[in-house]
Structures are given as C-alpha cells and as structure tokens.
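Below you'll find the structure, written out as structure tokens, and then a few comments.
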Amino acid sequence: DLVKRFSDSEFSDVLVECDGQTFKCHQVILTARSPVFNAMFQAEMSENETKVVRINDIRKEIFKEMLQFIYTGTLTISMDHFSEETTKELLGAANKYQLDLLKKVCEEKLCSTLAVENSLEYLVLGDLYQASNLKAKALQLVVTNMAGIWHS
C-alpha cells in the first residue's frame with residue numbers, strides 16, 4: 001500500500017532535503033515514478049553514493065505535493081483549491097522530474113484559468129515546460145486578442 005508508505009518512513013532508504021525539511025523516501029518508488037530520480041540513482045552521482053538528494057529550487061510545500069503524487073497518484077487537496085501560483089510551481093517541478101501525469105493535471109488546471117490577462121505568461125510557461133496544450137491555447141488567445149494585449 002503506497003499511501004501507507006508515503007506517511008510511514010519504515011524501510012526508507014533515501015533522504016531528500018528540500019527547503020530546510022528532510023523527507024524520508026524509498027528509492028524504488030522514486031525511481032519507478034520519475035526518470036530523473038531513476039537516472040540520478042543509476043549514474044555515478046553523489047546521490048547514488050550518499051542516498052541523500054538535495055533540492056534547492058523547489059519550495060518544501062511544492063515538493064511535498066509532488067512527493068504525495070509520486071507515492072499515491074493524488075494530491076493532498078483537489079487541484080481546484082490550489083492557487084494559480086502553486087499550480088505554476090507544481091507544473092515546473094513536474095516538468096523537471098518528468099512526472100507526465102502530474103504535469104498534465106497542472107496543465108489542465110492552468111488551461112481552465114486561462115484569460116487574456118494571463119495569456120502571455122501562460123504562453124511562456126507552456127513553452128518553458130513543454131506543456132503543448134497550454135501553449136497552444138494561450139497562443140490562440142494571444143493571437144485573437146493581439147490588439148488589446150498590445151495596448152495594455
């Protein structure tokens with residue numbers, strides 16, 4: 001039961017340090033879900049030797065949500081309750097660790113909040129994180145509303 005393993009550190013064999021917090025994890029689960037973690041523990045990298053992963057570019061709250069998703073396939077709360085900023089950060093983390101399903105969930109949430117006011121930002125995010133659906137929808141909105149965007 002992976003839900004139980006997420007909340008129970010028994011048999012954990014990897015420590016992930018993120019934003020001042022240490023998470024006790026299971027290498028087999030991290031590597032099964034994320035090609036990035038898989039490569040990290042297969043290559044001759046310090047993480048493979050020390051079994052400690054240091055993450056410096058993700059807030060601990062975002063990493064915890066990502067970890068919850070890795071273990072359970074769900075988030076702690078519904079995506080409807082995440083702020084736009086949290087969703088964007090989670091999209092970036094999902095992209096970085098190649099968590100395609102989480103990335104798709106975040107992309108769908110952002111697409112549902114797409115508006116003229118945020119269309120340029122979402123276009124950039126879609127391009128940056130290879131979120132093709134978000135990029136396409138944002139581009140369409142930008143093109144359709146170019147005159148209004150240009151003057152604002």
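The values are calculated or read from the model by the stated rules, or taken from the named source; none is laboratory data. Computed from a prediction, not measured in an experiment: that's the story for all the values here. For neighbour counting, all protein chains shown are included, and Cβ atoms are generated from backbone atoms with ideal geometry for every residue, glycine included. Only protein heavy atoms, including side chains, enter the accessible area calculation; ligands, DNA and RNA are left aside. Shrake-Rupley method; radii C 1.70, N 1.55, O 1.52, S 1.80 Å.
Of all residue pairs spaced 6 or more apart or on separate chains, those with beta-carbon atoms under 6 Å, a first member in region 84-104 that is among the small types (G, A, S) and a second member that is outside any helix (DSSP H, G or I) are A93/I58. Considering only region 88-120, state which residues are of a type in the set (A, V, I, L, M, F, W, C) and touching an Asp or Glu at 6+ places or on another chain (Cβ under 7 Å). Hits for region 88-120 are L90, L91.
Restricting S112, S83, S132 to those that are under 23 Å from R33 (Cα atoms), open to solvent by 20 Å² or more (accessible area, probe 1.4 Å) and of a type in the set (G, A, S) reduces the list to S132.
Does Q68 fit the bill of being among the polar types (S, T, N, Q), more than 20 Å from G92 (Cα to Cα) and in contact (Cβ under 8 Å) with a residue 12 or more places away in the chain?
Values: among the polar types (S, T, N, Q): yes; more than 20 Å from G92 (Cα to Cα): no; in contact (Cβ under 8 Å) with a residue 12 or more places away in the chain: yes.
Judged against the criteria, Q68 is not a match.
Residues in region 120-139 that are within 15 Å of K109 (Cα to Cα) and polar (S, T, N, Q): S132, N133.
Of the residues L75, L120, which single one is modelled with pLDDT under 95 and within 26 Å of T22 (Cβ to Cβ)?
On the way: L120 fails: within 26 Å of T22 (Cβ to Cβ).
Result of the check over L75, L120: L75.
When residues in region 100-152 are screened for being acidic (D, E) and farther than 20 Å from F63 by Cα, 3 of them pass.
Are any of the residues in region 6-23 in contact with a helix residue (DSSP H, G or I) (Cβ under 7 Å, 6 or more places away or on another chain), in contact (Cβ under 8 Å) with a residue 60 or more places away in the chain and open to solvent by 30 Å² or more (accessible area, probe 1.4 Å)? Taking every residue of region 6-23 in turn, at least one turns out to be in contact with a helix residue (DSSP H, G or I) (Cβ under 7 Å, 6 or more places away or on another chain), in contact (Cβ under 8 Å) with a residue 60 or more places away in the chain and open to solvent by 30 Å² or more (accessible area, probe 1.4 Å). Among the residues of region 140-150, write down those that are open to solvent by 80 Å² or more (accessible area, probe 1.4 Å) and either in contact (Cβ under 8 Å) with a residue 24 or more places away in the chain or within 20 Å of K104 (Cβ to Cβ) (or both). Selection gives Q140 alone.
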